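Trainee: Sending over a structure as structure tokens; questions will come in a sec.
Read-outs: derived from the displayed coordinates by stated rules, not from any lab. All values reported here derive from a predicted model rather than from experimental measurement. Cβ sites come from the backbone with ideal geometry, for glycine too, and all protein chains shown count toward neighbours.
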Amino acid sequence: MTAISAVIITQNEERNIGRCLTSLHKVADEIIVVDSGSTDNTESICKKYGVRFVHHPWEGYSGQKNYANSLATQPWILSIDADEELSPEMCDTLIRLKQEGLQENAVYSMNRQTNFCGSWINHCGWYPDYKIRLWPSGSATWVGDIHEEVQFKGEPQIIHLKGALLHYSYYEIDDLARRQPRYYQLGAKTAFDAGKRTGFAAVVFKPLWTFVRDYLLRGGFRDGKAGYILCRMNAHYTFMKYVTLLEMKKNV
């Protein structure tokens, strides 16, 4: 049977980590939690599950995840965030894969579904949120910050798995609102560094297009009140990103 190391990074995740670890119980042969200075009950909760709990100074999202991956002792790595859990169907899929054997020249992707303020989002451009989360140990490196991505050696085959990665990141509207400034500032900086410039027209029309695209074309209206709020906030993110990009252009 193929063995898997589940790898998680944490900081003050007492609200989420127990749910995450419970979902890994029948899947992972080893669970590694790398913590960057939690001051809540994250550590005590993790130790109840018998995980390998490691303290490590914060290196940024990619650096922290790469360090955590380096601690894995099993041939396969399952990367999961503390505010995520494997759905029952995904657990069954992974157990079956372990019994049959994973393909060494492949990596495995999952659909991530987000719970926004108590509602599951099925549209708005947020689902399916395609993520590669299972790969041979030593074959991948995380790059970038906040919206970090995983890069692989060579061009492995990507196999999509049945089931979902359930994401509980936004319990209240303020949870997303507090994060948006960091997101749109980084988005604007990334675009500016890549040579992108903008004008006043984009500040006006890009947010409008974002709302129309997400709410109407991508079916956000089907997610009810939560979908409407989320699409409004997506449009606000776009507005602030282009305002910030315009300010960068003026300051050159």
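Trainee: Taking a ≥ b ≥ c as the square roots of the Cα gyration tensor eigenvalues, with a/c under 1.5 meaning rounded and otherwise prolate when a/b beats b/c, else oblate, which class fits segment 4-170?
Mentor: It is rounded, given that a/c, with a ≥ b ≥ c, falls under 1.5.
Trainee: Now for a different question. Could you line up 71, 161, 21, 216 from fewest to most neighbouring Cβ atoms inside 10 Å? If you can, show how the numbers build up before the last one.
Mentor: Values: 71 15, 161 18, 21 23, 216 11.
Ordered by Cβ neighbours within 10 Å, fewest first: 216, 71, 161, 21.
Trainee: Sorting 93, 73 on the 10 Å Cβ count, fewest up front, what's the list? Write out the running numbers ahead of the final one.
Mentor: Details: 93 18, 73 11.
Result, fewest neighbours first: 73, 93.
Trainee: Let me ask something additional. Helix-derived [θ] at 222 nm for the chain: sum -39500 (n - 2.57) over DSSP H runs of at least 4, divide by residue count, nearest 500?
Mentor: After summing the helix terms and dividing by residue count, I get -12500 deg cm²/dmol.
Trainee: In segment 112-219, which GluC sites (Glu not before Pro) are in a loop and have at most 14 other Cβ atoms within 10 Å, using DSSP for the loop call?
Mentor: Taking segment 112-219 and a limit of 14 other Cβ atoms within 10 Å, the loop GluC sites (Glu not before Pro) found are 172.
Trainee: Helix 61-70 versus the longest principal axis of the chain: what angle, 0 to 90°, nearest 10, using Cα atoms?
Mentor: The answer is roughly 10 degrees.
Trainee: Give me 236, 167 sorted ascending by neighbouring Cβ count inside 10 Å, so fewest comes first.
Mentor: Lowest count first: 236, 167.
Trainee: Also, quick follow-up: Just want to confirm a number: the relative contact order over segment 47-193, from Cα pairs under 8 angstrom separated by 6+ residues, in percent.
Mentor: The value is 32 percent.
Trainee: Give the residue list of trypsin sites (Lys or Arg not before Pro) in segment 90-156 that are DSSP loop and have at most 15 other beta-carbon atoms within 10 angstrom. Write down the numbers at each step before the final one.
Mentor: Numbers: sites: 96, 98, 112, 131, 133, 153; in loops: 153.
For trypsin sites (Lys or Arg not before Pro) across segment 90-156 that sit outside H, G, I, E and B with at most 15 neighbouring Cβ atoms in 10 Å, the list reads 153.
Trainee: Round to the nearest 10 and give me the degree value, 0 to 90, for the angle of helix 88-100's Cα axis relative to the longest principal axis of the chain.
Mentor: 50 degrees
Trainee: Bin width 10 Å, alpha-carbon pairs only: give the P(r) of segment 60-142 as whole percents, running from 0 to the bin holding the largest distance.
Mentor: Per 10 Å bin, starting at zero, the Cα-Cα P(r) for segment 60-142 comes out as 14, 44, 33, 9 percent.
Trainee: Tell me the angle of helix 224-250 to the major Cα principal axis of the chain, expressed in degrees between 0 and 90 and rounded to the nearest ten.
Mentor: Helix 224-250 sits roughly 70 degrees off the main axis of the chain.
Trainee: Under 26 Å Cα-Cα from residue 162, which lysines qualify once same-chain neighbours fewer than 8 residues away are excluded?
Mentor: Cross-link targets: 26, 65, 98, 131, 153.
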